[in-house]
Amino acid sequence: MSEFFPLPNELAKHNIFPGVSITTCAASQMMMSLVRMEPNSEVKSHSHPHEQIGIVLKGRAVFKIGNEKKELAVGDFYRIPSNVVHQVWSFEEGAEALDIFSPIREDYL
């Protein structure tokens, strides 16, 4: 295993909700997560102590962060402060997003 270039089979993979899978790569202070949402899937309402920022890479999705709700498409960024409740719904084409967490999420290793 390379310290600097992890291979795909060395990355953590999880199904976090029905139709929602993630692949993660962590450093000592932050974590990157590639989120794949199947068509019409949902990231259920939740919160966590980690800061989270991200960008939509494919498709479109509705994000509800705190009391704001917005449809995002490819190239749109979002930020989720610590402990803020959030939820995401994909459309018929599904969606992909890249999330960055700090500190790392031990539950995603």
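We did not get these values from a lab; they are worked out from the coordinates using the rules stated. As the structure is a computational prediction, the values presented were derived from the model and not from experiment. Virtual Cβ from ideal backbone geometry, glycine too; neighbours counted across all protein chains shown.
Summary of computed values
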| item | result |
| --- | --- |
| Antiparallel %, DSSP beta bridges [both residues in the chain], to 5 | 100 percent |
| Square roots of 5 times each gyration tensor eigenvalue, C-alpha, region 13-108, largest first, Å | 19, 15, 12 |
| Interatomic Cα distance distribution for region 57-106, bins of 5 angstrom, percent | 5, 18, 29, 25, 17, 6, 0 |
| Cut-off 16 Å (backbone N to label point 7 Å along Cα→Cβ of residue 11), residues of region 58-81 | 58 |
| Hz values of 3J(HN,Hα) by residue in region 7-13 - Karplus curve (6.51, -1.76, 1.60), Gly and Pro given as x | 7, x, 6, 9, 8, 6, 10 |
| Estimated distance in nm for a label pair at residue 34 and residue 53, the labels positioned 7 Å out from Cα along Cα-to-Cβ | 2.1 nm |
| All lysines inside 17 Å of residue 70 as judged from Cα atoms, apart from same-chain residues fewer than 8 positions distant | 44, 58 |
